[in-house]
Every structure is written in structure tokens, then in C-alpha cells.
1. All but one of (1) crowded, with 24+ Cβ neighbours inside 10 Å; (2) touching a helix residue (DSSP H, G or I) at 6+ places or on another chain (Cβ under 6 Å) hold for residue 212, so report the exception by its number.
2. So, restricting to helices (runs of 4 or more DSSP H) that lie completely within the range 225-298, which ones have at least 1 residues that are among the small types (Gly, Ala, Ser) and at pLDDT 95 or above?
3. Could you pull out the residue among 96, 87 that is modelled with pLDDT of 50 or more, closer than 29 Å to residue 151 by Cα and surrounded by fewer than 19 Cβ atoms within 10 Å (Cβ to Cβ)?
4. Go through the range 50-94 and count every residue that is charged (D, E, K, R) and touching an Asp or Glu at 6+ places or on another chain (Cβ under 8 Å).
5. Being in contact with a strand residue (DSSP E or B) (Cβ under 6 Å, 6 or more places away or on another chain) and aliphatic (A, V, I, L, M) is the filter here; which residues of the range 47-68 pass it?
6. Which one of these is modelled with pLDDT of 95 or more and part of a helix (DSSP H, G or I): 121, 133?
7. Which residue is nearest to residue 150 (Cα to Cα), if the candidates are limited to the range 192-220 and must be among the aliphatic types (A, V, I, L, M) and part of a helix (DSSP H, G or I)?
8. Please go through the range 287-314 and pick out each residue that is closer than 24 Å to residue 162 by Cβ and of a type in the set (S, T, N, Q).
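The values are calculated or read from the model by the stated rules, or taken from the named source; none is laboratory data. The structure presented is a predicted model; accordingly, all values stated were derived computationally and were not measured. Don't worry about glycine lacking a Cβ; one is built from the backbone with ideal geometry, like all the others, and counts go over all protein chains shown.
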Amino acid sequence: MSNRLSRRKFLGNASALAAMPGSWGLLGVPAGSAFLLGEGESASSKTADRIVDLHVHFDEKNPKFIGDLLKLSDRLNLTACLLTPFANRKVVAEAAKQHPKQIIPFGFVDLDAPDVVKQVEELHAMGYRGLGELEFVKKPYNDPSYFPVYELANRYDWIVLFHTGIVLRKNFDAPEDVASGRMRPIYLEEIARRFPKITVLGAHCGNPEYEWAAEIARWNPNVFFDLSGSSLTKMQGRLAEFQKIFWWSATEWHSAEWTVKTPNNDPSAFIKIVFGSDVGLDEIESVVNQYRALFDACGVPERTRRMIMGGTLAQMLGLPD
């Protein structure tokens, strides 16, 4: 969805984030903090500390957006999965070719558009790596009318990012054919099982249906979620509760093919989370800080933290060192 900064402010999160202790850059913390690159680091260190952000929306209203993103990428060692409206597909495809370590093109399509299949085929021909953020659907995600799109994504071995859970209301004075119930995380289970070559990513971890989201991820090796959106703000005083949601660390209560999409065989249940920001470029550092607060509250192991912040997506996408 366009204008993510407006969504963030609409939800009232920006001021809360800015007030959080320890926020980087925005609060004057010098470079060299965790996940930031210091002088003299090796290429392997840069790769290990790379942040891969699943959830960066191309800002159609900012003519300097690509340049601003590249500057941020250099400063934070960040690779952006750039969620791109179909109308902007060419400019992002070209930028991705020029900067393959910094921009990974993902295409936004309307699942209800009459020519959506042709759009997906064109995006694939242009080198796009997946779809997202799919949202505002007229039917539940698992409706058979959407299967032709999923069949293509399955053929392409793509990552597909779905909005899950509550969604904002854009128009207060006009009727909207929008319902959060069509975008529940439960619908991703059928997609993941019918189309096993799709890596299914759920934005916002189903907010507020976190338990459904986690349980679906637990039994499906091709399902992951990000924690973008309001969740880490509204739960900032009780982040440890996520241990009750992602509860199966070091147990046998998970998919037998646990390592299919995460070949490092990480025993932590939190390995089913990936980093996603879903904010304007100037707020991404604050979301990084929120994830770090979650890791500390839940005692997430260091190697799992690295996988969440970039390692898992880097493996899935085969990103260059």
C-alpha cells in the first residue's frame, strides 16, 4: 500500500518509537552500534551483519526515493525487498539491475484485477523475485479464483508477501469493500500446502491473531511472518509474551522438514520470523531497535537474531556476498 509513513503516523506509532530509549541515528546514537558497519570490517562480517528488509514500499510520491534508499542502504548495510506498484515496475527493475546487493524487486498486483495473471508473467520476465504486499482482496486469500496467480508463483519458486490481520481504513466518509477477515493468517495455510514451492510470508504476524500465525508457521516449512506494523509498539511492555506464541524451541513439535527453507537447522521457534519494517525510510532504524528489544526480552540466541535480521531471506533469495 502506498504512503507507508502516513499509515505509521495514522496508527500513532511514530512518536512512541522516537521516545524509545536506544533508538539509533534518529536519536543521535553513533554508527557502529549492533547491525551497523564500523570501519575496517571484512566483507564476510558485512555479509553476516546485513539487514534484509522484507517490507519496504516504493514511494511513488518521492522522486528521490531510489537515491534515498541507496544512501540508507550504504549506512545500515541494508538490502530492501522493494514492494513495487505495477505502474512503477520498470524504474525499480532497472534500479535492481544496477544495485543487486541493495534492491530486490517485488511486484505489487491486485489479485482481483482481470489481467493479474499477465501482470505476474510480465514481472517475472523483468526479473522480479516475488509478489507483495498482497492486500485489500475482495475474497479470502484461499479463494480458487486466485489460484492461477499462486500457480505461477509456485512455478517461479517465488516469495509471496501477504498482508495478514487488521488493516487500516482509508476512507471514513465513503463505502469500502474492505474486510480484515478476508486476510486472516489461517488462509495462508492452504496456500502453503497447495503450492509448496511458494515461500509464504505473512506481514504483521496476523495481528492480533498471533497464535494462529505462529502455529501455521510451525507446521509448514515454507511459511514465515514479519512483525511489522503496530505489534511491537503495543506490546513493548510485554514483549516476553512472544515466548508463549513461539513456544516450541528445542522441541520436536514442529514440521519434520524444518530445514527445507532454513538450512542452518536452527532449533529456535523464532527462526520463523523475518525482519520487515513497513515504514518510511527515516523510521527503519527505529524498527530495527524494536526487533532488538524483542530479542532481548525473549532471550533469542545470537545466531537466530542474525538469521531473522537478514540471514534467512539472504538464503532464500541467494543474495550475493
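1. With respect to (1) crowded, with 24+ Cβ neighbours inside 10 Å; (2) touching a helix residue (DSSP H, G or I) at 6+ places or on another chain (Cβ under 6 Å), residue 212 is out only on (1).
2. On the way: elements: 231-234, 242-245, 284-298.
By residue number, 231-234, 284-298.
3. Values: 96 fails: surrounded by fewer than 19 Cβ atoms within 10 Å (Cβ to Cβ).
Answer to the check: 87.
4. First, the residues of the range 50-94 that are charged (D, E, K, R): 50, 53, 59-61, 64, 68, 71, 74-75, 89-90, 94.
Filter once more, keeping what is touching an Asp or Glu at 6+ places or on another chain (Cβ under 8 Å): 89.
Adding up the residues that qualify gives 1.
5. Of everything in the range 47-68, those that are in contact with a strand residue (DSSP E or B) (Cβ under 6 Å, 6 or more places away or on another chain) and aliphatic (A, V, I, L, M) turn out to be 51, 52, 54, 56.
6. Numbers: 133 fails: part of a helix (DSSP H, G or I).
Matching residue, one of 121, 133: 121.
7. Within the range 192-220, the subset among the aliphatic types (A, V, I, L, M) is 192, 198, 200-201, 203, 213-214, 216-217.
Subsequent filtering for residues that are part of a helix (DSSP H, G or I) retains 192, 213-214, 216-217.
On the way: 192: 10, 213: 20, 214: 22, 216: 18, 217: 18 Å.
Filtering the range 192-220 for residues that are among the aliphatic types (A, V, I, L, M) and part of a helix (DSSP H, G or I), the one nearest to residue 150 (Cα to Cα) comes out as 192.
8. Scanning the range 287-314 gives 290, 304, 312.
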